[in-house]
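Asks: First the structure, which I've put down as structure tokens, then a few questions once you've had a look.
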Amino acid sequence: MAQEMIEGINPTRMELLKLKDREKLAVKGHSLLKEKRNALIMEFFNILERVKGSREDVERILKDAYEDLTAAQIVMGDLAVKKAAMSVNESINIDIDSRSVMGVVVPLVDSEIKERTMVERGYGFLETSVKVDEAASKFEKAIRLIIELGEIEKTIILLAAEIESTKRRVNALEHIIVPRIENTVKYIEMRLEEMERENFVRLKMIKKTMEME
């Protein structure tokens, strides 16, 4: 299989110097991108562990919350529970910012969700079962965790896309760009050596011809 080279390059010393500079930059860029790729992969798996733990926490809290809600429905009845739910005051404030992870802009979500008392939620103590309060408390925790989970999962998606992009660039440099530059450098060096030999032979012939005259 013929070695691929850069097309349209003249075999001159000036082009050779330019190509050698390009080769140095390409090799350095390849090294830096590999470091970035490895760091991104490490960060990706660190965050992946957080996702697993967060999902398990959300599932556990939601399961407990729905069990408390079911118990409240048994004690109070569906209509009374719905009435208590309709009287709850909404109090979720979310601020979305961003941060950089190895040059990747990922979301940074700040949510103000704190555990509230029955009075703060808006339903009365006498009209509701304690299970309603326990369920409400767990749902508040679940909402906070779900918001955090959303931030983490979006970060994972963005990091995965950047890892894939960086891997393609690393592979392109390693298997296409750098080899082509190296092959072109070797070709130019070979052609320059041939031209030097041809010039040397030509000069010898000219000298010999002049001596014979």
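Asks: Set Lys and Arg Cβ to +1 and Asp and Glu Cβ to -1, take the dipole of the chain about its Cα centre, and tell me which of T70, I188, I152 lies farthest positive.
Replies: Going by the Cα projections, it comes out as I188.
Asks: Could you pull out every residue, at least 5 positions away or on a different chain, whose amide H is within less than 5 Å of the one on M102? Hs are placed 1.01 Å off N in the peptide plane, and Pro or chain starts have none.
Replies: Amide H to amide H, under 5 Å and 5 or more residues apart or across chains, M102 pairs with nothing.
Asks: Which of the following values of volume of the Cα convex hull per residue in Å³ was calculated from the structure shown: (1) 181; (2) 159; (3) 125?
Replies: Among (1) 181; (2) 159; (3) 125, the one derived from this structure is (2).
Asks: What does the accessible area per residue of the chain come to in Å², with a 1.4 Å probe and no ligands, DNA or RNA counted?
Replies: Here the residues of the chain average 70 Å² of exposed surface.
Asks: Using the Kyte-Doolittle scale, find the helices of the chain whose mean hydropathy is at least -0.5 and whose Cα atoms extend 30 Å or more along the helix's long axis, counting only whole DSSP H runs.
Replies: TM-like helix candidates: 13-76, 130-172.
Asks: What residues have an amide H closer than 5 Å to that of I6, excluding those fewer than 5 places away on the same chain, when H is modeled at 1.01 Å from N in the peptide plane?
Replies: The list, which skips near neighbours in sequence, is T184.
Asks: Over the heavy atoms of R13, what accessible area does a 1.4 Å probe trace out, to the nearest 10 Å²?
Replies: 130 Å²
Asks: Amide H of T12 versus every other amide H placed in the peptide plane: which residues, excluding those fewer than 5 positions away on the same chain, fall under 5 Å?
Replies: Result for T12 returns nothing.
Asks: Out of the total accessible area of the range 50-106 (probe 1.4 Å, heavy atoms of protein only), what percent is carbon and sulfur?
Replies: 54 percent
Asks: Oh, and also: Quick one: how many Å² of F139 are accessible to a 1.4 Å probe, rounded to 10?
Replies: 50 Å²
The values are calculated or read from the model by the stated rules, or taken from the named source; none is laboratory data. The structure presented is a predicted model; accordingly, all values stated were derived computationally and were not measured. Cβ coordinates were reconstructed from backbone atoms using ideal geometry, including for glycine residues, and neighbour counts include every protein chain displayed. Heavy atoms of the whole protein, side chains included, go into the accessibility calculation; ligands, DNA and RNA do not. Shrake-Rupley method; radii C 1.70, N 1.55, O 1.52, S 1.80 Å.
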